[in-house]
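Worksheet: the structure to be examined is printed underneath.
The values are calculated or read from the model by the stated rules, or taken from the named source; none is laboratory data. Every value quoted in this text rests on a predicted model; they were computed, and no experiment measured them. Please note: Cβ atoms are built from the backbone with ideal geometry, for glycine as well, and neighbour counts cover all protein chains shown.
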Amino acid sequence: MRLFIAIDLSHTLRKHLSEEIEKLTHMLGSDSIRWVKASNIHLTLKFLGETPENKLDRIKFTLEDITSQFSSFKMDVGEFGCFPNFRKPRVFWIGVHEHEGILKQIHHVLEADFEKIGFKKEGRPLTAHLTLGRLRKNISSSKLQELSTKLETIHIDHLGIEDVNEICLFSSVLRPSGPEYTRHGEFRLKETE
């Protein structure tokens, strides 16, 4: 099973993301960019990769332990960007900002606790984002330059505040039509007081 840990999104936020993807597709096209279906967008916290099914119980136990340590929180969603930058875009995203530091703390504990049960540490800090699309392979340099110029004009404001009450365990199967995700558990954060 190809597993990852993520924060799923509300229907309302998915609707806003779908509208933004539609606008971006109109502005930038889909010849050079493979856009993500809004229904597949999530905030990945840790990619576990190919994992034997017999490790599933241990993973779930670890996630229950981690989420019991943290309270639910809010995150602001907005601000358009690209990795690594607008001149050489590979990944197109919307930013996620969580001002209390809970998201980074959760990520830190995920990395440490999953390393203890045999999963490799990421080795870089969490850059919280929601992937909207990826640059297709074999794009010409002139097309890339044209795309880069258009990217500089895009501005996406605040899309909303998302309440985060749980962390989810997903598996993914890569298909020609795009990835298919299956939930394998939801792990509740403590209620805020």
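A few notes on this one:
- Taking each residue of region 108-128 that is at positive phi and modelled with pLDDT of 90 or more and looking for partners that are among the aliphatic types (A, V, I, L, M) and assigned to a loop (DSSP other than H, G, I, E, B) with beta-carbon atoms closer than 9 Å, six or more apart or interchain, yields nothing.
- Looking across 68, 72, one residue alone is surrounded by fewer than 14 Cβ atoms within 10 Å (Cβ to Cβ) and polar (S, T, N, Q). It is 68.
- Restricting attention to region 10-20, the residues that are part of a loop (DSSP other than H, G, I, E, B) and buried (at least 20 other Cβ atoms within 10 Å of the Cβ) add up to 0.
- In region 90-142, the residues that are exposed (fewer than 14 other Cβ atoms within 10 Å of the Cβ), within 15 Å of the chain's Cα centre (by Cα) and part of a helix (DSSP H, G or I): 104
- Screening the candidates 146, 98 for the property of being over 30 Å from residue 54 (Cβ atoms), of a type in the set (Asp, Glu), free of Cβ contacts under 8 Å to residues at least 12 places away in the same chain and out of contact with any Gly (no Cβ under 7 Å at 6 or more places or on another chain) yields one hit, 146.
- The test for being in contact (Cβ under 8 Å) with a residue 60 or more places away in the chain and part of a loop (DSSP other than H, G, I, E, B) holds for residue 86.
- Within region 21-32, if we keep just the residues that are modelled with pLDDT of 95 or more and surrounded by 19 or more Cβ atoms within 10 Å (Cβ to Cβ), the residue that is nearest to the chain's Cα centre (by Cα) turns out to be 21.
- Extreme residue, farthest from residue 162 (Cα to Cα), among residues of region 79-89 that are surrounded by fewer than 16 Cβ atoms within 10 Å (Cβ to Cβ) and either polar (S, T, N, Q) or under 15 Å from the mean Cα position of the chain (by Cα) (or both): 85
- Tally, over region 47-92, of residues that are over 25 Å from residue 135 (Cα atoms) and of a type outside the set (Val, Ile, Thr): 21
- Each residue in region 154-170 was checked for being exposed (fewer than 12 other Cβ atoms within 10 Å of the Cβ) and in contact with a helix residue (DSSP H, G or I) (Cβ under 8 Å, 6 or more places away or on another chain), and 0 pass.
- For region 81-104, the set of residues classified as out of contact with any strand residue (DSSP E or B) (no Cβ under 6 Å at 6 or more places or on another chain) and aromatic (Phe, Trp, Tyr) consists of 86 only.
- Top-ranked residue of region 134-193 - restricted to ones that are over 30 Å from residue 2 (Cα atoms) and of a type in the set (Ser, Thr, Tyr), ranked as modelled with the lowest pLDDT: 192
- Pairs linking a residue in region 171-193 that is surrounded by 11 or more Cβ atoms within 10 Å (Cβ to Cβ) to a residue that is hydrophobic (A, V, I, L, M, F, W, C) and modelled with pLDDT under 90, with Cβ atoms under 9 Å and 6 or more positions apart or on different chains, are 180/174.
- Assessment of region 54-61 against the conditions (among the aromatic types (Phe, Trp, Tyr) and closer than 24 Å to residue 180 by Cα) yields no matching residue.
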